[in-house]
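Participant: Right, I'll just put the structure down here and ask away after.
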Amino acid sequence: GENVEQHPSTLSVQEGDSAVIKCTYSDSASNYFPWYKQELGKRPQLIIDIRSNVGEKKDQRIAVTLNKTAKHFSLHITETQPEDSAVYFCAASGGGGADGLTFGKGTHLIIQP
Amino acid sequence: GAVVSQHPSRVICKSGTSVKIECRSLDFQATTMFWYRQFPKKSLMLMATSNEGSKATYEQGVEKDKFLINHASLTLSTLTVTSAHPEDSSFYICSATSGRYEQYFGPGTRLTVT
């Protein structure tokens with residue numbers, strides 16, 4: 001089955017700086033890669049996703065890049081703000097609505113004021 | 001749009017009893033629903049995939065006789081934790097999809113077994 005590795009487990013950055021979280025996956029058949037933000041006791045919130053036919057996607061301060069050959073994808077957050085502090089999870093699936101998600105172990109992002 | 005609800009949000013039960021958790025898609029028809037479990041400070045782990053009208057597909061290591069899943073309609077899936085034990089205490093989250101890539105997550109159910 002799919003295996004998703006996520007690094008780092010904890011990331012502390014100064015407010016206004018950029019944050020980068022990296023994930024690798026093992027199954028070359030995976031074609032859907034979402035990123036979630038989760039606050040304590042709440043449901044995961046989709047912040048951005050990318051499909052395998054695209055190398056990069058951006059939404060305001062958030063961007064995701066995908067390297068299918070190397071089987072890795074990254075989340076980039078620019079101009080970080082205190083409200084960005086949370087746990088972030090990457091995930092992978094075969095997509096198409098039929099496959100469940102395999103999640104990375106999560107990154108605790110801490111924005112220092 | 002794309003709202004998923006779960007009930008109850010929190011439940012405390014005694015060891016040996018069973019607990020049922022409901023997951024509903026409120027404004028769309030969910031062809032597939034998924035059940036995940038999340039232990040404190042851990043990641044989400046897929047437990048099972050359920051399609052309306054058919055038997056659920058369980059992930060390796062998940063006991064199908066302990067975690068009973070029923071997906072009776074396109075808007076409702078239920079997870080019953082049978083003979084619950086303290087080690088089953090966890091955050092159970094469902095998600096639903098209408099056949100597209102994005103999954104819509106419910107708010108989760110915090111189960112505590114005493």
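Participant: Once the piece of chain linking A:HIS72 and A:VAL20 is laid out straight, how much longer is it, given 0.36 nm per residue of separation minus the C-alpha distance between them?
Facilitator: 17.4 nm
Participant: I've got another one for you. Multiply the residue separation of B:GLU22 and B:SER98 by 0.36 nm, subtract the distance between their alpha-carbon atoms, and state the gained length in nm to one decimal.
Facilitator: Extra length from B:GLU22 to B:SER98 when fully extended: 25.6 nm.
Participant: Using a 1.4 Å probe and counting only protein heavy atoms, how much accessible surface gets buried when B and A come together, both sides summed, in Å² to the nearest 100?
Facilitator: 1700
Participant: So which residues in the range A:38-57 end up with at least 20 square angstrom less accessible surface once the other protein chains are there, compared with the chain by itself, probe 1.4 angstrom?
Facilitator: Listed by number, the residues meeting the 20 Å² cut-off are A:GLN38, A:GLY41, A:ARG43, A:PRO44, A:LEU46, A:ARG51.
Participant: While we're looking at this one, here's another question. If the elastic network links every pair of Cα atoms under 10 Å, which of B:PHE39, B:PHE67, B:PHE91 fluctuates the most in the Gaussian network model of chain B?
Facilitator: Judging by the Gaussian network model, the answer is B:PHE39.
Participant: Whole number in Å², please: accessible area per residue of the protein assembly as shown, 1.4 Å probe, ligands, DNA and RNA not counted.
Facilitator: So the protein assembly as shown comes to 50 Å² accessible per residue, rounded to a whole number.
Participant: With label points built 7 Å along Cα→Cβ from the Cα atoms of B:LYS64 and A:SER28, find their separation and express it in nm.
Facilitator: If labels sit at B:LYS64 and A:SER28, their model points lie 3.1 nm apart.
Participant: If you don't mind, another one. First compute the accessible area of the protein assembly as shown with a 1.4 Å probe, then give the percent of it belonging to carbon and sulfur atoms.
Facilitator: Result for the protein assembly as shown: 48 percent of the exposed heavy-atom area is carbon or sulfur.
Participant: Please go through the residue pairs A:LYS37/B:LYS42; A:LYS71/A:LYS105; A:LYS105/B:LYS20; B:LYS41/B:LYS64; A:LYS105/B:LYS41; A:LYS58/B:LYS42 and name each one whose alpha carbons sit more than 19 Å apart in this structure.
Facilitator: Listed pairs above 19 Å: A:LYS105/B:LYS20; B:LYS41/B:LYS64; A:LYS58/B:LYS42.
Participant: Let me ask something else about it. Using alpha carbons only, how many angstrom separate the centre of the range A:13-39 from the centre of the range B:22-47?
Facilitator: 20
Participant: Moving on. Given H placed on each backbone N at 1.01 Å, which residues far from A:GLU15 in sequence or on other chains put an amide H within less than 5 Å of it?
Facilitator: Placed amide hydrogens put A:GLN112 under 5 Å from A:GLU15.
Participant: Considering only DSSP beta bridges where both residues belong to chain A, give the percentage that are antiparallel (nearest 5).
Facilitator: Just about 90 percent of them are antiparallel.
The values are calculated or read from the model by the stated rules, or taken from the named source; none is laboratory data. Everything numeric here is computed off the predicted structure, so don't read it as measured data. Here the Cβ is made from the backbone with ideal geometry for all residues, glycine too, and neighbour counts use every protein chain on show. Just the protein is used for accessible areas: all its heavy atoms, side chains included, with ligands, DNA and RNA removed. Shrake-Rupley method; radii C 1.70, N 1.55, O 1.52, S 1.80 Å.
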